[in-house]
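The values are calculated or read from the model by the stated rules, or taken from the named source; none is laboratory data. Here the structure is a predicted model, which means the values were calculated and not measured. Neighbour counts run over all protein chains shown; Cβ positions are idealised from the backbone, glycine included.
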Amino acid sequence: MKIRKLTSIFMAAAMVVMLAACGKTESGTPKDTSQQTETDKTKDSGKGGRKIAVQVGTLEQTFYTMCVTGIKEAAKEGDEVIVYSPEWDQEKQLSQVEDMITKGVDCVLMAPMDADGCLPSMDLLKQSGIPLLTFDRPLNEEDYDLAVAQCLISDYDIGYNGGKALAEGLKEKNGEYKGKVVTYCYTSTLAGVDRLKGFDDAIAEYPDIERIYNCDDEWDSETATRVIENVMTSNPDMNGFWGWSSPSTTACAQVCKSAGRDDIVITTNECTKEVYDYIEEGAMYAGLDINPVGLGKTAMNTMYDALDGKDVEGIIYNDVTLITAKNLNEAVTPSYEE
């Protein structure tokens with residue numbers, strides 16, 4: 001669902017930005033074919049009759065389920081969308097690609113789990129002559145030729161704008177750009193590295209704002225709650241937090257509420273319904289809506305253009321929107337929900 005673009009002082013820096021990140025289900029080949037091959041029957045028929053394979057790391061992460069929603073919404077009537085989720089298992093990823101080839105799919109839309117780990121799968125698709133489009137996570141530059149296009153989120157810009165938003169939140173809360181802030185960013189992925197770099201570059205523009213710690217842990221709610229409680233205890237002067245995922249950020253909001261720490265300014269680079277609710281009640285300052293439904297639609301439409309022989313850009317970035325209490329009422333609904 002598309003959210004109206006809104007101007008904000010926090011979006012002054014490059015806003016051609018996008019995101020991402022992860023979770024777990026079991027699924028070698030699709031478990032429930034009737035559900036996994038659902039297509040949107042309300043579209044114009046177009047050519048129709050194509051088999052479209054979609055592979056995401058997991059269907060237990062809301063971000064990816066909503067990317068799939070966008071793909072299905074953009075699919076043409078008569079086309080079959082077959083969804084795979086290897087649950088972060090690279091061997092399973094390859095076996096699923098082999099299954100796609102056996103099924104005779106016409107194209108593949110893949111969210112790579114890892115730029116290096118997905119190479120055997122992408123090479124196999126190339127050898128089989130099946131067009132591949134990747135989305136969410138970038139490929140290594142030397143492998144760009146393996147995909148007809150990449151539909152991406154600019155992780156650096158997400159981190160940068162998250163840092164700018166947190167700085168503005170500290171200024172609004174305390175009257176000055178000053179604070180000791182903690183981040184929760186998983187740097188075992190290239191996306192996490194780029195986001196944290198963007199964040200650090202943003203707050204470097206404010207000499208009195210210091211990042212004192214990064215929580216480089218798993219970001220499920222249980223783990224995040226335990227980690228944040230420990231960090232807050234060890235750093236009682238902490239007054240700002242930025243999380244790269246909604247589970248870690250909502251965990252921070254819950255810990256702060258339980259501890260009576262309403263002095264901590266909280267921002268995140270995701271916008272779920274829960275994040276919206278926290279922003280509305282004042283427990284969070286801002287979130288970046290990375291619009292995964294829009295990302296899925298862009299990926300599907302770009303693949304259709306490639307299949308129809310049209311020229312497509314090699315890299316296409318998905319726009320995001322900064323959400324605060326100031327524009328919350330105008331942002332009709334989160335682009336995805338918990």
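Before moving on, here are some points about what is shown:
- Applying the condition of being β-branched (Val, Ile, Thr) and more than 18 Å from residue 224 (Cα to Cα) to the range 166-203 and asking which residue is modelled with the highest pLDDT yields 203.
- Annotation: of all residues in the range 309-319 being among the charged types (D, E, K, R) and in contact (Cβ under 8 Å) with a residue 40 or more places away in the chain, the one that is surrounded by the fewest Cβ atoms within 10 Å (Cβ to Cβ) is 313.
- Every residue from the range 241-282 that is charged (D, E, K, R) and under 28 Å from residue 189 (Cα atoms): 270, 273, 274
Here is a yes/no grid of residues against (1) of a type outside the set (Lys, Arg); (2) out of contact with any strand residue (DSSP E or B) (no Cβ under 8 Å at 6 or more places or on another chain); (3) outside any loop (DSSP other than H, G, I, E, B):
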residue	(1), (2), (3)
76	no, yes, no
82	yes, no, yes
99	yes, no, yes
105	yes, no, no
115	yes, yes, no
125	yes, no, yes
157	yes, yes, yes
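- Spans of strands (runs of 3 or more DSSP E) in the range 189-279 with at least 3 residues within 22 Å of the chain's Cα centre (by Cα) and in contact (Cβ under 8 Å) with a residue 12 or more places away in the chain: 240-243, 265-268
- Considering (1) modelled with pLDDT of 95 or more; (2) closer than 22 Å to residue 168 by Cβ, the lone condition that residue 249 does not fulfil carries the number (1).
- Taken over the range 77-107, the residue count meeting the criterion of being more than 18 Å from the chain's Cα centre (by Cα) and surrounded by fewer than 21 Cβ atoms within 10 Å (Cβ to Cβ) is 16.
- Meets criteria (within 16 Å of residue 239 (Cβ to Cβ), free of Cβ contacts under 8 Å to residues at least 24 places away in the same chain and part of a helix (DSSP H, G or I)) for residue 171: yes
- Complete set of residues in the range 174-188 that are among the charged types (D, E, K, R) and touching a residue at least 60 places away in the same chain (Cβ under 8 Å): 180
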